[in-house]
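Beneath this line is the structure, given in structure tokens, with notes to follow.
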Amino acid sequence: MAFADRLNKVETSAIRELFKLLGQPGIISFAGGFPDSALFDVEGISEASHKALNTQPGAALQYGATEGFEPLRESLARFMAGKGAGEVAASDLIVTTGSQQALDLLGKTLIGPGDKVIVEGPTFLATIQCFRLYGAELVSAPIDGDGVQTDRLEQLMVEHKPKFVYLIPTFGNPSGAMLSAERRKRILELAVAHNTIIVEDDPYGDLYFDAPPPPSLLALSAQVPGSRDLLVHCGSLSKVLSPGLRIGWMIGPAELLAKATMCKQFSDAHTSTFAQATAAHYLQAGHMPATLEKVRKVYAGRAQAMGDALRRELGSAVSFVQPQGGLFVWARLTGAGGSLQDGHVYARQAIAQGVAFVPGAPFYCSQPDPATFRLSFATASEEKILEGVSRLARAL
Ligand code: PMP
């Protein structure tokens, strides 16, 4: 078949092949990016969906406004304000079908063939694919344990004059890194100094373990004059409540939201009104704080169990920063004592030992570090994590 040229720019993900092997019996998987389905608040969501049907059946089952179901926009605005984002009005955000759609709408509205976009190295795989589909030339900004390196970022902004910069500042996928408060402020200053849009993708910020992370770029934008007009913030209920609801949102300059809304009209007309009404009732019922407390506690325990086991069983063969939130440990094979140094080879050997994870190289848009790999601690019990890490040690 003669497909559109734009498809030449993207490949199906290298890690999909690996996922086919996950169905094998007895495999312990650290490979997925899913939250744990056992943690879904089925009762609360069920109650909310009944309320949606019983109190607003017409609205919940009818076509709706492209910008989103008004009660949900209001609830999300309150949710964001409650997280320190300052004044957020319902009209400051549009509801998207997952934050994935927000990324797609940003691609549609901002990226033309050959446009430069700076992303972190490593970054979310679907973002790389999505932006490339619109013809973006991606430039990779290096990160360390404190997130993106702002000095390098500034050099790259000067050199490439990107259309925008895409960051996952808090517990990024795959890096798990938390951008320091100082760097957050610097990034907003860079946005203003170079008149460049910054996209803050933040599906994991609520999943902190001990102390809350530094305020979001959105929250901090109040301190850096002019930066709010250059900031796009993408949020999602996927990791904290349920990805199946497909509820995301985008906060940004009115001009950009208007164009994104127009593009969404041609794409899915609107996000499921039933899902939006359900999410609105869920938030209005005040269930979110308890839900967040519960999931944070479980993931914190699993992250600690995985970190401790990795240090104990793999020792100097791997290096990693203990995550302070999110779902992932981002690790690197050091080659110490002649052990493995290639994440792909390691992933294959690990499958043979009955444990799966994702090699890190595909998460880079350029200059991949082949020694890296990503482990998710989200879906395995602490007991399974210990067994899985023992298998990782045997696969080295
Ligand atoms: N951004 C990042 C960084 C993610 O990891 C994900 C999900 N894996 C998404 C966006 C998309 O999530 P959703 O569409 O479910 O909101």
*asked:* Given a 10 angstrom Cα cut-off, can you work out which residue in GLY337, GLY86, GLY44 is the most mobile in a GNM of the chain?
replied: GLY337
*Taking a ≥ b ≥ c as the square roots of the eigenvalues of the Cα gyration tensor of the range 228-283, is the shape rounded (a/c under 1.5), prolate (a/b larger than b/c) or oblate?*
oblate
_Relative contact order for the chain, counting Cα pairs under 8 Å that sit 6 or more residues apart, in percent_ = 24
*Cα convex hull of the chain: how many Å³ per residue?*
146
*Work out, step by step, the length gained on full extension between ALA38 and LEU61: first 0.36 nm times the residue separation, then minus their alpha carbon distance; give nm to one decimal.*
5.5 nm
*Restricting to the chain, compute how many DSSP beta bridges are antiparallel as a %, nearest 5.*
55
*Is there a pair in LYS51/LYS384; LYS9/LYS116; LYS83/LYS297 whose C-alpha atoms are over 26 Å apart, and which pairs would that be?*
LYS51/LYS384
*Theoretical FRET efficiency, 1/(1+(r/R0)^6), r = Cβ-Cβ of LYS259 and ALA193, R0 22 Å, to 0.05*: 0.35
*Measure off 7 Å from each Cα along the Cα-to-Cβ vector at ASN54 and HIS344, then give the distance between these two points in nanometres to one decimal.*
5.6
*Cα-derived Rg over Rh, computed across the range 346-396 with Rh taken as Kirkwood radius*: 1.02
_From the C-alpha coordinates alone, can you work out the Kirkwood hydrodynamic radius of the range 15-170, in Å?_
19.3
*Determine, from the Cβ-Cβ distance of ALA89 and HIS160 and an R0 of 30 Å, the FRET efficiency 1/(1 + (r/R0)^6), rounded to the nearest 0.05.*
0.30
_Projected-area mean, the range 1-59, by convex hull of Cα positions, square nanometres_ = 9.0
_If you split all Cα-Cα distances of the range 326-365 into 5 Å bins from zero, what percentages do you get per bin, shortest first?_
6, 21, 26, 28, 15, 4, 0
_Loop only by DSSP, 16 or fewer other Cβ within 10 Å of the Cβ. Give me the chymotrypsin sites (Phe, Trp or Tyr not before Pro) in the range 1-81 that pass, ordered by residue number._
PHE3, TYR63
*Can you pull the three principal axis extents for the Cα set of the range 218-315, in Å, largest first?*
53, 38, 27
*For ALA181 and LYS297, compute 0.36 nm times the residue count separating them, minus their Cα-Cα distance, and round to one decimal in nm.*
39.4 nm
_Full-extension gain between GLN149 and GLN367, please, as 0.36 nm times their residue separation minus the C-alpha to C-alpha distance._
76.9 nm
_Cα gyration tensor category, rounded, prolate or oblate, for the range 261-383 with a/c compared to 1.5_ = oblate
*What nm value, rounded to one decimal, do you get for the distance between ASP308 and ALA269 when each label is placed 7 Å out toward the C-beta?*
5.3
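Read-outs throughout are calculated quantities, based only on the coordinates presented, and are distinct from any laboratory measurement. Keep in mind that this is a model prediction, so the values were computed, not measured. FYI the Cβ positions are ideal-geometry reconstructions off the backbone, even for glycines, and counts take in every protein chain you see.
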